[in-house]
1. Suppose we keep only residues that are surrounded by 18 or more Cβ atoms within 10 Å (Cβ to Cβ) and touching a residue at least 40 places away in the same chain (Cβ under 8 Å) within segment 95-105. Which one would you say is nearest to F40 (Cα to Cα)?
2. How about segment 410-463: which of its residues are touching a Phe, Trp or Tyr at 6+ places or on another chain (Cβ under 8 Å) and under 19 Å from Q497 (Cβ atoms)?
3. So, restricting to strands (runs of 3 or more DSSP E) that lie completely within segment 443-539, which ones have at least 1 residues that are outside the structural domain of A139 (by TED's automatic domain parsing), within 24 Å of G152 (Cα to Cα) and without any contact (Cβ under 8 Å) to a residue 40 or more places away in the chain?
4. Here is a check on your reading of the model: is T62 of a type in the set (S, T, N, Q) and within 19 Å of F149 (Cα to Cα)?
5. Residue under question is P127, and the condition is that it be outside any helix (DSSP H, G or I), modelled with pLDDT of 95 or more and crowded, with 19+ Cβ neighbours inside 10 Å; does it hold?
6. Listed residues G324, G318; which is closer than 19 Å to Q246 by Cβ and either over 33 Å from the mean Cα position of the chain (by Cα) or not aliphatic (A, V, I, L, M) (or both)?
7. A412: modelled with pLDDT of 95 or more, under 19 Å from the mean Cα position of the chain (by Cα), surrounded by fewer than 23 Cβ atoms within 10 Å (Cβ to Cβ) and of a type in the set (A, V, I, L, M), yes or no?
Amino acid sequence: MSTTITPVEPAEPAPAPGGRRRARRFVRPGAAALSGLLLFASFPPRPLWWLALPAFALLGWTLRGRRPRAGFGLGFLAGLGFLLPLLKWTGEEVGPLPWVALAAVSALFIGVVGVGIAAVSRLPAWPVFAAAVWILGEAARARVPFGGFPWGKIAFGQADGVFLSLAAVGGTPVLGFAVALCGFGLYEVVRQVLAHRARPAPRQVPRAAVAVAALSVLVPVAGALAALPLVDDSAEDGTATVAAIQGNVPRLGLDFNAQRRAVLDNHAARTEQLADDVKAGKEPQPDFVLWPENSSDLDPYRNGDARLVIDDAVKKIGVPTVVGSVLSPDTGKLRNSLIEWDPANGPVATYDKRHVQPFGEYIPMRSFVRIFSSDVDRVRRDFGPGDKVGVFDLAGTKVGLATCYEAAFDWAVRDTVTHGARLIAVPSNNATFGRSEMTYQQLAMSRVRAVEHSRSVVVPVTSGVSAMIMPDGKVVEQTKMFTPDALVREMPLRSSQTPATRMGTLPEALLVAIAVGGLGWVGARTVRARRSPAADDAG
């Protein structure tokens, strides 16, 4: 007896499942972009430092187990989501093209990091390797091209965070590593919990994997707590009463310095007003005064009128004053300089900015770049870098100098401390970037540097925000933007060196070695996997 089976016509597929499948293709790219946006939101002026943790957790979910091409694309999307809004200030006066180009080039580094994270995500203890790969990417971006662009290092978003004390242990690399490790660890904890719930009841929990996940979260937190004794704002070598002058600028934008004499007059006038306030007992007598970068773009060595204006102001306040100026020799490149001006002897020392800003203070590949933007011709004469560490002896206090952009570079600040600085000054000029977030991002860098080297940091800015920062990273005084002001405060002086100062680039090198070791492990496993079938066939 035979049974006849009548075939059933398949029903028409409902459109919803197909639509859901297509939508799934955008889930990971959307998550990658969202992780970048969360990283951006964790940066100042928002006090949302903790958003970096879910950002890295989401990035870990996005990249784990992906192929190299997908890892690059997802990493690049995360980089764009992070850096496009973070660097919006770079297009404040020159339009979107330079801004988008800079963000895209920087995001390429994060794209390559995405490949590395995807690769090491298959290893045991992968959060450690993934966090180290992130630091490898930051180390590369801080060095190439054109001397690097470290803006957006994860550490610079953590000035208000619980991990900040780790800056004193190993600088920005260790601080950034801890944040990334904790974020990746959070994802791994969630992944292990969900995987355990999905298993049949008799199966045991993989204790080693759970332990690694938990430690990835707990170790950074415990390390930050253990490092708290390194964060100290006490005075080891007495104190110095410091004045920071914010003279303001006549107008915003790239052409603010077309009225260079007005900028100089503003800073001289605010210094003379401070002298009157001191005489009237309204303010304490400062030991020295700090003017910002570009406070006198008229070269006082060549312009007698500018020299007289500065000299009169310095004589009236009666203490050594650091003046930011542009020096223009007859031949060669300009110099972005800080001049130590003595009330009795005039200019007695100079510091030439060592890391000049590409496409801002000098134009690499000028003829090529001009094809895309004629704004390059605003920089008619390139600036050249100095070659000496900036430390001035101001009324007996050794003050380290890092001019504006230099505060983003680990070496530029550390050098001043290893050369004896008891206090750090970061004279800056943010007038070009209007009321954007740039000044707050830069202020956060100085706060991290204060903890990293256990030094007071004073930030005089042409148009704001100027600030006084204690060695524990706390801002104790600050100005409003585009408001003439003078900050005067007694600041603690310190001479001891943190582990971060003493070790320099060693912590970063160790983290890079971990990243390279993890990538090498992946490579070796891949080679073995490819050889195994061939060996089996030969047998």
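The values are calculated or read from the model by the stated rules, or taken from the named source; none is laboratory data. Just so it is clear, the structure is predicted and the values come from calculations on it, not from any experiment. With ideal geometry, Cβ positions are generated from the backbone for all residues, glycine too; neighbour counts draw on all protein chains shown.
1. The extreme case among them is L102.
2. Answer for segment 410-463, where residues must be touching a Phe, Trp or Tyr at 6+ places or on another chain (Cβ under 8 Å) and under 19 Å from Q497 (Cβ atoms): just V448.
3. On the way: elements: 456-459, 467-469, 475-478, 485-492.
Per the criteria, 456-459, 467-469, 475-478.
4. Values: of a type in the set (S, T, N, Q): yes; within 19 Å of F149 (Cα to Cα): no.
It is false that T62 is of a type in the set (S, T, N, Q) and within 19 Å of F149 (Cα to Cα).
5. On the way: outside any helix (DSSP H, G or I): no; modelled with pLDDT of 95 or more: yes; crowded, with 19+ Cβ neighbours inside 10 Å: yes.
For P127, the condition - outside any helix (DSSP H, G or I), modelled with pLDDT of 95 or more and crowded, with 19+ Cβ neighbours inside 10 Å - is not met.
6. Details: G318 fails: closer than 19 Å to Q246 by Cβ.
Going through G324, G318 in turn, the sole match is G324.
7. Values: modelled with pLDDT of 95 or more: yes; under 19 Å from the mean Cα position of the chain (by Cα): yes; surrounded by fewer than 23 Cβ atoms within 10 Å (Cβ to Cβ): yes; of a type in the set (A, V, I, L, M): yes.
Here the answer is yes, as A412 does meet what is asked.
Yes/no matrix, rows are residues, columns are (1) within 15 Å of G183 (Cα to Cα); (2) aliphatic (A, V, I, L, M); (3) at pLDDT 95 or above:
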position	(1), (2), (3)
R22	no, no, no
P44	no, no, yes
R64	yes, no, yes
G73	no, no, yes
P85	no, no, yes
